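Trainee: Here's a structure for you.
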Amino acid sequence: MNTVIFRTLAPLIVATMLVFSVYVMLRGHNEPGGGFIGGLIAAASIAVFGMAVGVRAVRRALHFDPMAIAGFGVVLAAFSGLLSLFTGSPFMTSIWLYVPFGGSEIPLSTPLFFDLGVYFVVFGTLSAIALSLESDREEDL
């Protein structure tokens, strides 16, 4: 599937999917969504980009190995759970911090960082699988 139309529209499709994946990840606390679904959407965008431009171009665009991104996600998710131990609370107890920004406050929480870690784990793992499958397909052609 290497048509001019697909190669031309793929960057627009990928950008839209990545923005939507971040939106779904951030709204996951109060409504359906979260890190897992957001990571699935982001990994699907990488698979689309890989079909359009090839695996080597995608790996160059990512700058990091997808499994390193997944490893970072595991560390981030574990660290968000360990923070509660420093306050004398049970593991994975939520901690909230309200940061003043302009005329309002931005709530930061450990569940947000846990969701972000899950997002990176799912994105990195599934991107590595998709790029591996796509590179096998390119070798067969």
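No lab work stands behind these numbers, since they all come straight from the coordinates. What you see is a predicted model; the values in this text were computed from it and never measured. Positions of Cβ are generated from backbone atoms using ideal geometry, with glycine treated the same way; all protein chains shown enter the neighbour counts.
Trainee: Specify which labelled value, from (1) 17.8, 59; (2) 15.3, 47; (3) 17.0, 61, agrees with Rg and Dmax of the Cα atoms in Å derived from the coordinates of the model shown.
Mentor: Matching the structure shown: (1).
Trainee: Neighbouring Cβ atoms within 10 Å as the yardstick, rank MET67, MET92 fewest first.
Mentor: The fewest-first ordering by Cβ neighbours comes to MET67, MET92.
Trainee: Over the stretch 5-71, what per residue volume does the convex hull of the Cα atoms give, in whole Å³? Let's see the in-between values first.
Mentor: Values: hull volume 5.3 nm³, N = 67.
Taking the convex hull of the Cα positions in the stretch 5-71, it is 80 Å³ per residue.
Trainee: Continuing with the same structure: Report, in deg cm²/dmol and to the nearest 500, the calculated mean residue ellipticity at 222 nm for the chain, where each DSSP H run with n ≥ 4 adds -39500 (n - 2.57) and the sum is divided by the residue count. If you can, show how the numbers build up before the last one.
Mentor: Numbers: 5 runs with 98 residues, N = 141.
When only DSSP H runs of four or more count, the value is -24000 deg cm²/dmol.
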